[in-house]
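Each value in this text was obtained by applying a stated rule to the coordinates, not by laboratory testing. All figures in this text were calculated on a predicted structure; none of them were measured in a lab. Cβ coordinates were reconstructed from backbone atoms using ideal geometry, including for glycine residues, and neighbour counts include every protein chain displayed.
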Number of protein chains: 2
Amino acid sequence: MAGKNILYAQSGGVTPVINATAGAVIETARECRGRVGNVLAAEDGIIGALEERLIDTSRLNEDEVAALSHTPGGAFGSCRYKLKAIEDNRREYQRLIDVFRAHDIGCFLYNGGNDSADTAWKVSQIGDSLGYPVQCIGIPKTIDNDLAVTDCSPGFGSVAKYVAVSILEASLDVMSMASTSTKVFILEVMGRHAGWIAAAGGLVRREESDPPQIILFPEVPFDEGRFLRAVRHSVENNGYCSVVVSEGLKNGVGEFLADAGTTDAFGHRQLGGVGPVVAQLVSEQLGYKHHWAVADYLQRSARHIASKTDLEHARAVGRAAVELAVEGQTGVMPVIRRTCDDPYRWEVEAASLSGIANRESKMPENFISADGFGISASCRTYLEPLIRGEAFPPFGPDGLPEYVRPKFSLVRRKLEEFEV
Amino acid sequence: MAGKNILYAQSGGVTPVINATAGAVIETARECRGRVGNVLAAEDGIIGALEERLIDTSRLNEDEVAALSHTPGGAFGSCRYKLKAIEDNRREYQRLIDVFRAHDIGCFLYNGGNDSADTAWKVSQIGDSLGYPVQCIGIPKTIDNDLAVTDCSPGFGSVAKYVAVSILEASLDVMSMASTSTKVFILEVMGRHAGWIAAAGGLVRREESDPPQIILFPEVPFDEGRFLRAVRHSVENNGYCSVVVSEGLKNGVGEFLADAGTTDAFGHRQLGGVGPVVAQLVSEQLGYKHHWAVADYLQRSARHIASKTDLEHARAVGRAAVELAVEGQTGVMPVIRRTCDDPYRWEVEAASLSGIANRESKMPENFISADGFGISASCRTYLEPLIRGEAFPPFGPDGLPEYVRPKFSLVRRKLEEFEV
């Protein structure tokens with residue numbers, strides 16, 4: 001790609017550390033000046049790439065770039081937009097190539113999950129036939145931890161740390177008051193298809209009496225009777241019960257609990273959230289006073305309690321992506337390879353996007369304890385290193401984190417408008 | 001109280017820093033050895049005092065006492081239990097006095113809110129007539145910030161910091177994705193009767209376009225039309241809208257929105273939470289995709305993001321309470337007096353419990369902006385110092401905060417059992 005520009009884009013749901021990846025991309029490219037040109041960043045993800053809304057990162061000063069590493073959200077904007085198959089959608093692929101050619105893009109870095117890996121793979125394959133060979137490299141990111149091949153997905157470790165710290169803290173609260181007040185606390189966390197995030201709560205529980213006494217995984221069909229018995233058992237033995245429930249919890253016939261039976265006699269949708277559904281069950285069936293929390297976006301934006309390990313992963317894959325670009329590689333993704341559990345050691349290596357695209361990494365069955373309500377020792381061995389270390393952002397004199405929202409300059413357009 | 005023991009009890013909802021007050025009480029009493037005896041702590045608050053379940057804090061080593069200052073929840077247990085008027089309930093007051101006499105208690109330190117100040121005041125008045133004069137000192141604590149006389153209530157500042165940091169982070173998330181995904185984010189926070197906690201979200205908003213663009217206060221009756229117009233205005237001008245809603249939000253006739261219309265045709269209660277109610281309104285009336293979070297206990301247990309100022313207040317009132325005890329004072333509470341806004345300066349002074357008991361400190365009307373959706377400059381001047389400074393707990397090698405749950409020893413009972 002000698003001397004050509006890089007186009008960087010963020011894709012899908014953001015994470016507390018995706019901007020750290022972006023910062024590492026820009027910093028590494030600046031170190032490689034001469035071998036790579038400027039880094040352009042697509043505004044609002046692939047849609048900005050198609051619409052030729054390209055941010056000129058050369059206008060950012062060193063401090064602004066450094067600050068990306070401690071700022072949550074997606075600094076350049078992200079989107080949920082999957083390019084369809086090439087056969088059905090040659091128009092958009094052609095447009096991307098046109099944008100690449102117009103802005104002298106030698107390499108496209110696509111920072112996202114499974115879908116983005118698929119798009120990046122396709123783009124890496126199509127340049128030749130469209131008359132503009134271009135390198136294409138995926139960069140891993142997803143709080144769901146469901147990317148194949150990589151040992152873990154940057155973004156997940158910080159969400160895991162948030163969930164573990166939060167359920168620990170809330171449980172200390174509940175146990176203080178349980179003698180006369182709330183006896184059951186329920187925290188709803190993300191993870192529509194896999195229980196990785198819910199599992200992180202289990203890191204707090206070292207002894208049977210420790211919280212959270214119950215984790216409800218999407219992988220384990222919800223059995224109301226067993227659940228209620230487990231709640232009662234904990235209240236009777238520990239004085240309280242602390243529960244982590246995954247938003248993806250399903251009943252015995254595979255329906256999401258948050259959706260099932262959510263329409264009342266007038267056809268009104270009930271207000272979603274599986275946390276309140278489970279909480280109501282506890283009150284109605286057991287008569288215990290409950291409280292529930294839904295962490296929602298708080299969990300995936302909580303840069304203030306990010307995992308240092310996760311932050312290091314996020315920066316390492318950003319750096320590696322640029323290095324792979326300089327080496328002339330294409331159709332690959334830098335992934336995390338764990339080389340040792342204890343002490344935890346890891347390295348970054350390149351893997352083919354073809355083996356990552358559209359695959360989903362499920363939680364191994366043996367990561368869930370025999371009773372279905374906790375995590376196994378092997379799960380702990382896997383998860384614990386990912387939440388290790390703190391990486392607090394700097395705080396200002398006003399008591400708030402010094403997150404940045406730089407003013408971006410778009411590069412001048414060179415093409416006709418394009419309707420996405 | 002020369003040489004007599006102190007009885008310390010925690011009351012009502014716990015805070016991220018109430019244990020810091022407890023730690024300061026124990027440390028100060030140890031420094032005053034000779035002038036005060038041992039500190040006993042009631043297990044589960046006033047109920048433990050009545051039931052003669054008294055924790056012997058002399059068994060705690062220095063590290064354990066120090067660790068209280070960075071551990072959330074109520075280490076000794078708390079409860080919601082208000083002693084009735086003396087005329088109706090001489091039995092419980094008599095029992096307290098019996099417990100004090102049996103354990104050589106010279107001073108009762110009651111760490112709580114309005115109700116506890118009332119109990120402490122009554123106990124301070126009744127000792128003489130029951131034949132056992134005892135000093136009684138209240139110590140302020142409540143996340144609701146509704147204690148009279150004191151400039152602020154220890155516990156509130158940390159919750160305020162949590163809310164401000166959380167809405168800032170979640171807003172950065174939403175604004176990243178708003179072009180193609182969620183456009184409205186709603187965070188429900190505590191505050192059933194006053195908007196202090198919701199107001200803290202306003203600290204993030206320095207310019208009109210900053211989040212949160214809308215705060216819904218309990219003090220401002222909810223006007224659906226005005227709210228929806230404000231949401232649309234923000235989405236059209238900023239691309240998204242970030243909302244903080246107080247759990248105490250009421251409609252025009254004074255009903256809680258979280259309760260109003262919560263029974264369906266079958267008489268089933270709806271699942272509470274005003275956050276999802278407001279979110280549903282946005283989707284149904286404006287068609288915007290929304291996300292909502294309910295912070296619930298997470299906000300009042302988040303010691304990991306406690307305010308340093310708040311922590312200092314919490315420790316200072318604990319220390320002052322013991323000093324007042326040593327001076328022989330009774331019927332008082334050490335309160336925070338603000339002596340300067342900028343630079344922020346404060347001191348602790350003793351105030352009579354009679355002026356604090358059963359009074360509620362409301363948010364001044366001029367703390368809410370003219371449009372009812374934000375905070376005023378005077379509110380910012382008041383709030384900002386309270387969230388200043390960080391006081392991260394130590395973290396272990398496992399990535400979790402090193403919160404303590406010491407094993408407590410109860411002192412040997414000397415009285416008959418007592419039924420509360």
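Remark: mean inter-chain Cβ contacts per residue of B:383-394 equal 3, using a 10 Å Cβ-Cβ cutoff to other protein chain atoms.
Computed from point charges on the beta carbon alone (+1 for Lys and Arg, -1 for Asp and Glu), the dipole magnitude for segment A:7-100 about its Cα centre is near 260 Debye. How are the alpha carbon pair distances in segment A:305-420 distributed across 5 Å bins from zero to the largest one, expressed in percent? Binned Cα distances yield the sequence 2, 8, 11, 12, 15, 15, 14, 10, 7, 4, 2, 1, 0.
Couplings 3J(HN,Hα) of segment A:339-345, computed from phi: 9, 7, 7, 8, x, 5, 9 Hz, in residue order, whole Hz [Karplus 6.51 cos²θ - 1.76 cosθ + 1.60, θ = phi - 60°; x for Gly and Pro].
Helical content alone sets the calculated 222 nm signal of the protein assembly as shown at -10000 deg cm²/dmol, taking -39,500 (n - 2.57) per DSSP H segment of four or more residues and averaging over every residue.
For B:TYR344, the label point sits 7 Å beyond Cα toward Cβ; its separations from the matching points on the remaining copies run 3.4 nm, from shortest to longest. Remark: mean inter-chain Cβ contacts per residue of B:395-408 equal 5, using a 10 Å Cβ-Cβ cutoff to other protein chain atoms. The fraction of all Cα pairs in the protein assembly as shown landing in successive 20 Å bins from 0 to the largest distance is 16, 45, 30, 7, 1, given as whole percents. Placing a label point 7 Å from Cα along the Cα-to-Cβ direction at B:GLU208 gives distances to the equivalent points in the other copies of 6.3 nm, listed shortest first.
Determine by what factor the alpha-carbon radius of gyration of segment A:335-389 differs from 2.2 N^0.38 Å, reporting the quotient. Could the numbers behind the result be given before it?
Details: Rg = 13.8 Å, N = 55, 2.2 N^0.38 = 10.1 Å.
Dividing the Cα Rg of segment A:335-389 by 2.2 N^0.38 Å gives 1.37.
Reducing segment A:175-205 and segment B:345-392 to their Cα centroids gives an inter-centroid distance of 32 Å. Amide H to amide H, with H built 1.01 Å from N, A:GLU390 comes under 5 Å of A:LYS308, counting only residues 5 or more places away or on other chains. With θ taken as phi - 60° and the Karplus curve 6.51 cos²θ - 1.76 cosθ + 1.60 applied, the whole-hertz 3J(HN,Hα) list for segment A:63-78 is 5, 5, 5, 4, 5, 4, 5, 10, 10, x, x, x, 4, 9, x, 10 Hz, x standing for glycine and proline.
Ranking of A:ASP118, B:ASP223 by neighbouring Cβ atoms within 10 Å, starting from the fewest: B:ASP223, A:ASP118. For segment B:10-90, taking Cα atoms only, Rg and Dmax work out to 13.8, 44 Å respectively. Give the relative contact order (percent, whole number) for chain A; include only Cα pairs under 8 Å separated by 6+ residues. Relative contact order of chain A: 23 percent. If r is the Cβ-Cβ distance from B:SER354 to B:VAL420 and R0 is 22 Å, what FRET efficiency results, to the nearest 0.05? Efficiency, rounded to the nearest 0.05: 0.25.
Please order A:PHE108, A:PHE373 by the number of other Cβ within 10 Å, starting at the fewest.
A:PHE373, A:PHE108
Pair-distance distribution of segment A:134-194: all C-alpha pairs, bin width 10 Å, starting at 0; shares per bin in whole percent are 19, 34, 23, 15, 6, 2, 1. Computed from Cα positions, the angle between helix A:18-31 and the longest principal axis of chain A comes to roughly 30 degrees. Close amide H partners of A:TYR8, meaning residues 5 or more places away or on another chain with modelled amide H under 5 Å apart, are A:LEU40, A:ALA41, A:ALA42, A:LEU109.
Sequence-ordered 3J(HN,Hα) estimates for segment A:180-185 from the Karplus curve with 6.51, -1.76 and 1.60 and θ = phi - 60° stand at 10, 9, 3, 10, 10, 10 Hz, glycine and proline given as x.
Reported value for segment B:156-309: 116 Å³ per residue, from the convex hull of its C-alpha atoms.
Computed log10 I(q)/I(0) for chain A at 0.08, 0.10 Å⁻¹: -0.47, -0.71, from the Debye equation with unit scatterers placed on every C-alpha and solvent omitted.
Placing a label point 7 Å from the Cα of B:ARG91 along the Cα-to-Cβ direction, the residues of segment B:21-60 with a backbone N closer than 15 Å are B:50-51. Taking chain A as the reference, fit the longest principal axis to its C-alpha atoms, fit the long axis of helix A:156-177 to the helix C-alpha atoms, and give the angle between the two in degrees, 0 to 90, nearest 10. The two axes meet at around 20 degrees. Listed by chain and number, the lysines placed with their C-alpha closer than 29 angstrom to that of B:LYS289 are A:LYS82, A:LYS84, A:LYS141, A:LYS161, A:LYS250, A:LYS362, A:LYS407, B:LYS161, B:LYS183, B:LYS250; residues fewer than eight positions away on the same chain are left out.
Shape summary of segment B:170-218, radius of gyration then Dmax from alpha carbon positions: 12.0, 37 Å. Exposure proxy ranking for B:ARG300, B:ARG412, A:ARG232, based on other Cβ atoms within 10 angstrom of each Cβ and starting from the fewest, stands as B:ARG412, A:ARG232, B:ARG300.
Angle of helix B:90-102 to the longest C-alpha principal axis of chain B, folded into 0 to 90 degrees and rounded to 10: 60°.
Placing a label point 7 Å from the Cα of B:ASP128 along the Cα-to-Cβ direction, the distances to the matching points in the other copies come to 10.0 nm, shortest first. Residues whose amide H lies under 5 Å from that of A:LYS250, counting only those 5 or more places away or on a different chain, are A:PHE222, A:LEU257; hydrogens are built 1.01 Å from N in the peptide plane.
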